[in-house]
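Below is one structure, written out as structure tokens; comments come after it.
The values are calculated or read from the model by the stated rules, or taken from the named source; none is laboratory data. Only a predicted model underlies this, so the values are computations on that prediction, with no experimental measurement involved. Please note: Cβ atoms are built from the backbone with ideal geometry, for glycine as well, and neighbour counts cover all protein chains shown. These accessible areas exclude ligands, DNA and RNA; they are computed on the full protein's heavy atoms, side chains included. Shrake-Rupley method; radii C 1.70, N 1.55, O 1.52, S 1.80 Å.
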Amino acid sequence: YLGGLFAVATWGDRLAKKRTPGSRRPIIYALSLAVYCTSWTYFGSVGIASRSGLDFLPIYIGPILVFSVGWRVLQTIADIAKRQNIASIADFLSARYGKSEALGALVAVVATIGIVPYISIQLKAVSASLDVMIANPVIANAAMPFMQRIDGLSILVAVTMGAFAILFGTRHIDTTEHQDGMILAISVESLVKLGAFVAVGLFVTLSMLGGFESLAARVTSDQHISGLLTKGLHGGRWITLTALAAMAIILLPRQFHVAVVENAHPDDIRRAAWLFPLYLVAINIFVLPIAIAGLVLLQPGSDGDMFVLALPVSAHSNLFAMIAFIGGLSASTAMVVVETIALSIMICNNLVVPMLLRRRAERPDILNDMGKTLIAIRRLAIVLILVMAYGYYKMIGSTAALAQVGLISFAAVAQFAPAFFGALVWKRA
């Protein structure tokens, strides 16, 4: 699967050479924005729904409001980025405040530390889904000796994603150059995870629960389930989560990269104003049916975050178990690839390169081959980010819910909001 995505990226780069620079690509652009839907969406939303009903909705209400109501703000941000040759959110804030190197470096450090937990839950999700998959005795007998030698599945996941991110993200020296191949591959992944989630949702609802009428009957007859769905809205919590998600859809490094840096034409944002919200609605349609099925059909105390995969496995459906697994792998891989690329650009441009330039007087030959140096720095940064994410994953263990950890990163990037949006409305800021 990952090899196929790399082939798609290579094909996309070849197509880009034949395409007029700056031409429209609204569907690809809108689908690339769906990198917002990570394993938190694919696995974690069902987990939230199984524990607290409709509390998963604010994470999507925020982005829907931003794109449906505030898309002109995003268009303004993209215009500024093009004029200033901005390659990251660190560049953007630095440029708006007197091209401050210190501010750019601070943003890069805060973003890296803040996003590490978010990357760690992608490793956790894929590792946990592999654990569910190898519950089959035949697969377990073949796989477990190897897995024990490499200290678990999580190392294998981290190494695979790291290699993939390096292959994807370090093929272009110019960070403001559109990476058409990567964006095409991420768009394909958005279709894969949407198709997989809807397919599993239909299988669970129609085959395992017996149809939508049977689903409704389960809801009305089970007091625990009906209680989950009729809980009163937690006003303060919903407002806070909606605000955090609205800021995150622009300020997360990967979202800034796909929405701003990779924006090729202003019309793409106008089209995404309805295409992207439509995608968010579509991928959440079967969250509640899958959560209800997990509560009804699986053993009490089962991990809600893994209902999407555990249900087909419990039904002994190899086809839908594999579809569910590929969808989760797609959601996690897309996030890790784009996030590590965006962070590696910030680390390179805002932390390492300024230090190299200061040494120019001491070593005049230091800039002779900056191209290879920049690529090497980005590759090393990707490796270091994944090492930190793996360390964080091992530190928190397997008990933390995906959504709880993800919110740490949302809160971290929200710290950029006053300076970021303040600079848009107050020119003397």
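Need one word for the stretch 243-364: rounded, prolate or oblate. Basis is the Cα gyration tensor (sqrt eigenvalues a ≥ b ≥ c); a/c below 1.5 gives rounded, then a/b vs b/c decides.
Values: a/c = 3.17, a/b = 1.96, b/c = 1.61.
In terms of gyration-tensor shape, prolate.
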On Cα atoms only, tilt of 2-18 relative to the major axis of the chain in degrees:
40 degrees
Considering only LEU123, LEU2, ILE347, whose Cα is most displaced toward the positive end of the charge dipole of the chain, charges sitting on Cβ of Lys, Arg (+1) and Asp, Glu (-1)?
ILE347
Quick one: angle between helix 318-346 and the longest Cα principal axis of the chain, in degrees between 0 and 90, rounded to 10, please.
20 degrees
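Near ILE292, within a Cβ-to-Cβ distance under 13 Å, what is the net charge of the other residues, with Lys and Arg +1 and Asp and Glu -1? If you can, show how the numbers build up before the last one.
Working: positive: ARG51, ARG218; negative: ASP222.
Here the count lands on +1.
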Could you give me the ³J(HN,Hα) list for the stretch 40-53, computed from phi with Karplus coefficients 6.51, -1.76, 1.60 and θ = phi - 60°, whole Hz, x at Gly and Pro?
4, 5, 5, 9, x, 4, 5, x, 4, 4, 6, 9, 9, x
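Carbon and sulfur together cover what percent of the accessible area of the chain at a 1.4 Å probe radius? Mind dumping the intermediate values first?
Working: 11690 of 18070 Å².
The C+S portion of the solvent-accessible surface of the chain is 65 percent.
Return one quarter of the surface area of the convex hull spanned by the alpha-carbon atoms of the stretch 248-295, equal to its mean projected area, in nm².
Details: hull surface 17.3 nm².
Convex hull of Cα atoms, orientation-averaged projection: 4.3 nm².
Taking only C-alpha pairs under 8 Å that are 6+ residues apart, what is the relative contact order of the chain in percent? It would help to have the intermediate numbers written out before the result.
Working: 569 pairs, mean separation 166.3, N = 429.
About 39 percent, as a whole number.
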What does the charge dipole of the chain about its Cα centre add up to, to the nearest 20 debye, if the Cβ of each Lys and Arg holds +1 and the Cβ of each Asp and Glu holds -1?
1060 debye
With springs connecting C-alpha atoms under 10 Å apart, model the chain as a Gaussian network and identify which of ALA381, ALA315, ALA245 has the largest mean-square fluctuation.
ALA315
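Rule-of-thumb check for the stretch 1-82: C-alpha Rg over 2.2 N^0.38 Å? Mind dumping the intermediate values first?
Numbers: Rg = 17.3 Å, N = 82, 2.2 N^0.38 = 11.7 Å.
Normalised Cα radius of gyration, the stretch 1-82: 1.47.
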For an R0 of 51 angstrom, estimate the FRET efficiency from the Cβ-Cβ distance between SER52 and THR76 and round to the nearest 0.05.
0.90
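For the stretch 1-113, what's the relative contact order in percent, using C-alpha pairs closer than 8 Å and at least 6 residues apart? Could you put the intermediate results ahead of the total?
Values: 24 pairs, mean separation 10.6, N = 113.
So the answer I get is 9 percent.
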Taking the chain and counting helices only, DSSP H stretches of n ≥ 4 at -39,500 (n - 2.57) each over all residues, the nearest-500 ellipticity at 222 nm comes to -23500 deg cm²/dmol
In Å², what does the accessible area per residue of the chain work out to with a 1.4 Å probe?
42 Å²
Which of LYS193, LYS17, LYS394 ends up with the largest GNM mean-square fluctuation for the chain, with Cα atoms connected below 10 Å?
LYS17
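Only four residue types carry charge here, +1 at the Cβ of Lys and Arg and -1 at the Cβ of Asp and Glu. Report the dipole size of the stretch 1-110 about the Cα centre in Debye, rounded to the nearest 20. Write down the numbers at each step before the final one.
Working: 12 positive and 5 negative charges, 115 e Å.
With Lys and Arg at +1 and Asp and Glu at -1, about 560 debye.
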Which lysines, if any, have their Cα less than 29 Å from the Cα of LYS17, not counting same-chain residues under 8 positions apart?
LYS82, LYS193, LYS372
